[in-house]
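First comes the structure, then the notes that go with it.
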Amino acid sequence: MAKKTLDKNSFELDLSTDELLRYSRQINLAQVGEEGQRRLKEARVLCIGAGGLGSPAALYLAAAGIGTIGIVDQDTVDLSNLHRQLLHGTNDVGHEKTDSARARLLAINPTIAVETYTTRLSADNAVELIRNYDIIVDGSDNLPTRYLSSDVCVWERKPNIYGSVHQFEGQASLFAPHLGGPCYRCLFPEPPPPEAIPSCAEAGVLGVVPGLIGIIQALEAIKLIIGTGDNLLGRLLHVDALTLRFREFNIRRDPNCPVCGESPVITEPINYEQFCNRSNGSKVRGISATQLHEMISGGQKVALVDVREPFEFEIARIPNSQLIPLGSIPERLTEIPRTETTVVMCKTGVRSARAIAFLCGEGFENLVNLEGGLDAWREEVDPTLRKY
Ligand code: ZN
């Protein structure tokens, strides 16, 4: 990751005849012009994640002529990604996302450079990575990465373009305390308890919604680079795709923010996993799929309660498990054993943790969460379990 210095007068930044034609429709805009197009060519934008948000963002950034696009993602392409992650195709399933991302972006625009990092953004690499780019487009799908990227952007004085989606809703903003706006922590000083945050795998998401938000993130990056228009600094944009209504909330920098406030107390990366996994006092005991399998094959008496929806239960289930969907738990308390050990499960372990937190409040004591849910069971115990 050698740091590249950009010399605005260097010869290589002149636009070629092909480039002038390629970008002619946006160069024609008074707000862009040749100067704006050159700025886009000089710019270095890092996309964190090549998933639902990173895909549309990177596609449009590449097409617009951002000179250098960085992509950091450690995952491989899964069939269930394809309805929203348009950087990747059916033939890419099982391969690294960074490979298909690079190939797709260069197919759209071979005049740009694509720098890929097949790794997870971590406390060890984030500062060096982010320092190397002008703007960060955060398309991460988990809280530890979001706090990490926001914190590092504050320290490195880089604009952090935030986006997130949930089912039919999405939101976007621009975090940049060095430009007078808030950071992610100003908005969310404490992460919600882990059992309160469903992932895309748990909650579902309509593919178009991250498409919308990712394109808004790309738009914000382009406007920042060419220096035109009003950006989302100090504004949180929220879209409900079902009603197709956009709403806006004013957001402010928190003078007591531990990272961007007047007397910051967090000045270097912390343990973000630990920070985000702090539960709100409720201790949920967990068991791995392998441990559960050993218990069952060893003849230990254990009850299995599955809190997913009936259609999910139809697709795949662990033998001898009983279906009690999360929403029906309050009226079906009598069906849940109070004496023997009861393992509660769902697809990835999030809904079951929420169920246990609720049941503990109802006086249940012998509940254990199947960590990683049925996905972990398939991974560790039974690869024939149908995937969805
Ligand atoms: Zn802050």
Checked pairs for the range 346-372, first in the same structural domain as GLU312 (by TED's automatic domain parsing) and closer than 21 Å to TYR388 by Cα, second buried (at least 24 other Cβ atoms within 10 Å of the Cβ) and hydroxyl-bearing (Ser, Thr, Tyr), C-beta under 8 Å and 6 or more apart or across chains, list as CYS346/SER352; ASN369/SER352; LEU370/SER352
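Scan the range 284-295 and give yes if some residue there is open to solvent by 20 Å² or more (accessible area, probe 1.4 Å), at pLDDT below 90 and in a loop (DSSP other than H, G, I, E, B), otherwise no.
Going through the range 284-295, the residues open to solvent by 20 Å² or more (accessible area, probe 1.4 Å) turn out to be 284-286, 288, 290-291, 293-295.
After this cut, where a residue has to be at pLDDT below 90 as well, the list is 284-286.
Subsequent filtering for residues that are in a loop (DSSP other than H, G, I, E, B) retains 284-285.
Within the range 284-295 (the criterion being open to solvent by 20 Å² or more (accessible area, probe 1.4 Å), at pLDDT below 90 and in a loop (DSSP other than H, G, I, E, B)), the answer is yes, since at least one residue qualifies.
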Determine if the range 76-90 includes at least one residue that is touching a residue at least 40 places away in the same chain (Cβ under 8 Å) and of a type in the set (Val, Ile, Thr). no
Residues located in the range 131-144, provided they are part of a helix (DSSP H, G or I), away from the ligand (no atom under 16 Å from the Cβ) and either buried (at least 22 other Cβ atoms within 10 Å of the Cβ) or at pLDDT below 95 (or both): PRO144
Among (1) surrounded by 16 or more Cβ atoms within 10 Å (Cβ to Cβ); (2) outside any loop (DSSP other than H, G, I, E, B); (3) out of contact with any Pro (no Cβ under 9 Å at 6 or more places or on another chain), which single condition is LEU304 missing? (3)
I'd like to know if the range 100-116 contains one or more residues that are more than 17 Å from ILE266 (Cβ to Cβ), open to solvent by 30 Å² or more (accessible area, probe 1.4 Å), free of Cβ contacts under 8 Å to residues at least 60 places away in the same chain and within 16 Å of the ligand (Cβ to nearest atom). no
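Does LEU86 qualify as being part of a strand (DSSP E or B) and either within 20 Å of VAL205 (Cα to Cα) or touching a Phe, Trp or Tyr at 6+ places or on another chain (Cβ under 6 Å) (or both)? So that I can check it myself, show each step before the final result.
Values: part of a strand (DSSP E or B): no; either within 20 Å of VAL205 (Cα to Cα) or touching a Phe, Trp or Tyr at 6+ places or on another chain (Cβ under 6 Å) (or both): yes.
So LEU86 fails the test.
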Residues satisfying the stated conditions in the range 117-130, i.e. crowded, with 24+ Cβ neighbours inside 10 Å and of a type outside the set (A, V, I, L, M): none
Which of the residues spanning the range 146-176 are within 12 Å of the ligand (Cβ to nearest atom), crowded, with 23+ Cβ neighbours inside 10 Å and assigned to a helix (DSSP H, G or I)? TYR147, SER150, ASP151, CYS153, VAL154
In the set PHE313, PHE275, PHE246, the lone residue that is within 16 Å of the ligand (Cβ to nearest atom), at negative phi and aromatic (Phe, Trp, Tyr) is PHE275
From the list ARG317, ARG247, pick out the single residue that is in a strand (DSSP E or B), open to solvent by 40 Å² or more (accessible area, probe 1.4 Å), more than 25 Å from ARG131 (Cα to Cα) and in contact with a strand residue (DSSP E or B) (Cβ under 8 Å, 6 or more places away or on another chain). ARG247
Which one is nearest to the chain's Cα centre (by Cα), of the residues in the range 57-82 that are open to solvent by 40 Å² or more (accessible area, probe 1.4 Å) and small (Gly, Ala, Ser)? SER80
For GLY181, are the conditions met, namely being away from the ligand (no atom under 16 Å from the Cβ), at pLDDT 95 or above and not in a helix (DSSP H, G or I)? no
GLY298, sole failed condition from (1) open to solvent by 60 Å² or more (accessible area, probe 1.4 Å); (2) touching a residue at least 40 places away in the same chain (Cβ under 8 Å): (2)
Within the range 90-115, residues being over 20 Å from the mean Cα position of the chain (by Cα) and part of a loop (DSSP other than H, G, I, E, B) number 4
Collect the residues in the range 312-359 that are farther than 19 Å from VAL302 by Cβ and in contact with a Phe, Trp or Tyr (Cβ under 6 Å, 6 or more places away or on another chain), keeping them in residue-number order. ILE315
Residue set LEU224, LEU237; condition more than 16 Å from the ligand (Cβ to nearest atom) and either of a type in the set (Ser, Thr, Tyr) or part of a helix (DSSP H, G or I) (or both); output residue LEU224
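The values are calculated or read from the model by the stated rules, or taken from the named source; none is laboratory data. What you see is a predicted model; the values in this text were computed from it and never measured. Every residue, glycine as well, gets a Cβ built from its backbone with ideal geometry; the counts of neighbours run over all protein chains shown. Each accessible area value is taken on the protein alone, full model and side chains, heavy atoms only, with ligands, DNA and RNA left out. Shrake-Rupley method; radii C 1.70, N 1.55, O 1.52, S 1.80 Å.
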